[in-house]
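Bear in mind these aren't lab numbers, they're just calculated from the coordinates by the rules spelled out. Since this is a predicted model, take the numbers as computed values, not measurements. Virtual Cβ from ideal backbone geometry, glycine too; neighbours counted across all protein chains shown.
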Amino acid sequence: MARLLVVVPASRRLCGRIVLLSSSGEKMSGPFRVLAKASRRIGRKHGNPACARELPFGDPPTGSYALVGSWPPNTGHRRQRRFGALGALLFESRASEALQSPERARRTIALHGGETDPSGRLYPTRGGLRVKDAALLALCRAVNAAQERGDPVEGLE
C-alpha cells in the first residue's frame, strides 16, 4: 500500500516535507512543503496555550494514521480561507502520541491547503497539516492515480 510520509522539525517552527511513496518506496508525488504547527491563538482560545500535541488544537502528533475520508471543497469564504479551496484529507490515528492519553486523545487530523501570507509562507493550523493548495491538488491526483493502479494509499506517517 502507498503511504504519505511527513517529516517535520521537532520544534515545528519551520516547514517540513511531505511525499507520497508507492508500496515499493518509489516517489509518486512531492516532496512539498508542509507545516505541522498549530496556531497559539487558537490553542489559547481552546485551553491548549502550549499547543501540546496530545491535546486538541495542538500541533499534530507524530505517529501512524489511516486515510479515512475527506472534506469536500466549500466555497464559503471562512472555510475556504481556513482549509483552502480543495477541502481536506482526513486521517485517523492508529498509533500516535495522542493515543497515550485515551481520555483526551486526538483521533483525527486533517491535511489541507489554505491561504499563505504575503511572502508565500504557510499559516499555522487548528491542529492539522497545511500545504499550499497546488500541492494538495497534486497529492490528491496522485492518491487517485495510486488507487486506480491498485496501490491505494494506506495512510500517513
Seminar exercise, completed: If each part is reduced to its alpha-carbon centroid, the stretch 8-46 and the stretch 134-154 end up apart, in Å, by 17 Å
Exercise. Taking Cα pairs under 8 Å and at least six residues apart, what relative contact order does the stretch 1-91 come out at, in percent?
Worked result: 16 percent
Problem set entry | For the stretch 1-74, radius of gyration divided by Kirkwood radius, i.e. Rg to Rh on alpha-carbons | 1.03
For this session: Quick one: Debye curve from the alpha-carbon atoms of the chain only, equal weights, vacuum; give me log10 I(q)/I(0) at q = 0.09, 0.11 Å⁻¹ to two decimals.
Result: -0.26, -0.40
Exercise. Sorted by packing (mean other beta-carbon atoms within 10 Å per residue), highest first, where do 51-60, 115-124, 135-144, 20-29 land?
Worked result: 51-60, 135-144, 20-29, 115-124
Problem set entry | Ranked by how many other beta carbons lie within 10 Å on average, peptides 40-49, 2-11 from highest | 2-11, 40-49
For this session: Would you work out the charge dipole size for the chain about its Cα centre, treating the Cβ of every Lys and Arg as +1 and the Cβ of every Asp and Glu as -1, and quote it to the nearest 20 debye?
Result: 800 debye
Problem set entry | Mean ellipticity per residue at 222 nm, deg cm²/dmol - from DSSP H runs of n ≥ 4 across the chain, formula -39500 (n - 2.57) | -5500 deg cm²/dmol
For this session: State, to one decimal in nm, how far the label point of residue 144 lies from the label point of residue 45, with both points 7 Å from Cα in the Cβ direction.
Result: 3.2 nm
Seminar exercise, completed: With the dipole of the chain defined by +1 on each Lys or Arg Cβ and -1 on each Asp or Glu Cβ, the option from 23, 111, 125 whose Cα lies farthest towards the positive pole is 125
Problem set entry | Amide N proximity, the stretch 1-41 versus residue 95 label position 7 Å along Cα-to-Cβ, cut-off under 20 Å | 1-8, 21-25
Exercise. If the cut-off is a Cα-Cα distance under 14 Å, which aspartates and glutamates reach residue 132, setting aside same-chain residues fewer than 8 apart in sequence?
Worked result: 115, 117
